[in-house]
Structures are given as C-alpha cells and as structure tokens.
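The next block holds one structure in the form of structure tokens; read it before the comments.
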Amino acid sequence: MKKLSIVALCVIFIIGCSKVANYSVPTEQQLIDFLRSEDITPLDIHFFKDTAVVLHGTEFSNTVSFISYENIKKEHVINSSTTGNDNPLTFIPYKGSDRDPSFIAIFLNDSQLVADAAKIIVDFDGTPTETEIENRRGIIVSSPNPKPTKKMNVLIYGNENRLLYSNEL
C-alpha cells in the first residue's frame with residue numbers, strides 16, 4: 001500500500017510539473033503571413049476559440065487546415081485533412097466536442113454547381129443555419145448550438161429557391 005501511495009504521489013507530481021500546451025488563435029496578420037509563406041489561397045476562413053480553420057484546395061484536392069499558435073513561442077500547429085474531389089461535392093463534417101462547436105466544411109467541386117448555388121442550409125440537430133454562397137467553391141458552416149452535433153442535413157439551393165442537393169450526414 002505504501003508503494004502504491006508513493007507511485008501515485010510521483011505521478012501527480014510529474015503531471016503537475018509537466019508543461020501544458022496553451023493554444024491560441026492566430027491574429028489576422030499572423031494568419032495572412034502564414035498563408036503567404038505556405039502559398040495557400042484560402043477558400044474560406046473561420047475563427048474558433050483557439051484555432052483558425054482554413055479551407056483551401058486545388059483542382060485535385062481539398063484541404064481543411066487547423067492553425068493555432070502554441071505557448072509563447074508562436075509555433076504553428078497544423079493538422080490537415082485532404083480528400084480528392086472526384087465527386088461534385090465534398091463534405092468534411094466535424095461533429096464537435098464539449099470544447100469545440102460543430103461545423104461542416106463544404107467543397108463544391110463542379111464549376112456548374114459553383115455557378116448555380118445561391119445558398120446552403122445546414123440543419124444541425126434541428127437548428128438550421130443559412131449561408132449565402134454565390135460563386136464560392138468552399139465554405140465553412142458553423143453550428144449555433146454549443147453542444148456536439150449528432151446529425152447534419154445539408155441542403156443547397158439555386159436561384160428561385162430551386163433545390164440542387166440534399167444529403168444527411
């Protein structure tokens with residue numbers, strides 16, 4: 001029992017003394033400088049509590065990058081998720097956590113769809129969020145709900161409220 005108590009105290013001491021990463025959202029200028037240095041042309045940018053989410057892509061891929069600064073050193077922390085764009089639409093849903101809100105990254109990979117789309121409505125567990133999208137290839141739609149999302153339904157409308165696409169995720 002005494003050995004177990006000593007081990008438990010050592011673990012608590014090590015955890016208490018360990019350096020905890022403190023992430024912060026980049027300023028607009030830091031983000032501009034970073035995107036320029038990486039030769040990234042953003043399709044959409046959304047700032048969350050401690051992260052900037054940037055959609056970008058090329059003819060052959062779509063990427064969502066999460067950009068933060070760590071501690072005072074201001075090192076960039078980047079996590080990217082890349083998908084091909086063989087389909088007319090690419091969805092990258094993030095269903096959220098207790099700390100982060102839900103959002104969905106939507107890429108319109110078809111030039112005719114980009115030209116025809118006027119608005120996107122994303123229903124996050126019964127709460128619809130409408131966003132204008134005219135002539136945009138990529139967009140981030142964030143949930144207004146603070147809790148994680150269980151189900152997302154994406155509706156894309158063209159002019160005169162003509163439904164172009166519907167999908168439940």
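Just one of the listed residues (D98, D39, D86) is closer than 21 Å to R136 by Cβ, of a type in the set (D, E, K, R), at pLDDT below 85 and open to solvent by 80 Å² or more (accessible area, probe 1.4 Å), and it is D86.
Within region 91-122, being touching a residue at least 60 places away in the same chain (Cβ under 8 Å) and touching a Lys or Arg at 6+ places or on another chain (Cβ under 8 Å) holds for one residue alone: F107.
Scanning region 45-67 turns up at least one residue that is of a type in the set (D, E) and at pLDDT below 75.
When the residues of region 100-125 are filtered to those that are over 15 Å from L89 (Cα atoms) and of a type in the set (D, E), the one that is nearest to the chain's Cα centre (by Cα) is D100. Within region 101-116, the presence of a residue that is more than 20 Å from I40 (Cβ to Cβ), among the aromatic types (F, W, Y) and modelled with pLDDT under 95 is excluded.
Could you tell me how many of the residues in region 131-145 are in a strand (DSSP E or B) and either open to solvent by 80 Å² or more (accessible area, probe 1.4 Å) or touching a Pro at 6+ places or on another chain (Cβ under 7 Å) (or both)? Final tally of qualifying residues: 2.
Are any of the residues in region 146-154 open to solvent by 60 Å² or more (accessible area, probe 1.4 Å), touching a strand residue (DSSP E or B) at 6+ places or on another chain (Cβ under 6 Å) and modelled with pLDDT under 95? No, region 146-154 contains no residue that is open to solvent by 60 Å² or more (accessible area, probe 1.4 Å), touching a strand residue (DSSP E or B) at 6+ places or on another chain (Cβ under 6 Å) and modelled with pLDDT under 95.
The values are calculated or read from the model by the stated rules, or taken from the named source; none is laboratory data. Note that the coordinates shown come from a computational prediction; the quantities given were computed from them, not determined experimentally. Please note: Cβ atoms are built from the backbone with ideal geometry, for glycine as well, and neighbour counts cover all protein chains shown. These accessible areas exclude ligands, DNA and RNA; they are computed on the full protein's heavy atoms, side chains included. Shrake-Rupley method; radii C 1.70, N 1.55, O 1.52, S 1.80 Å.
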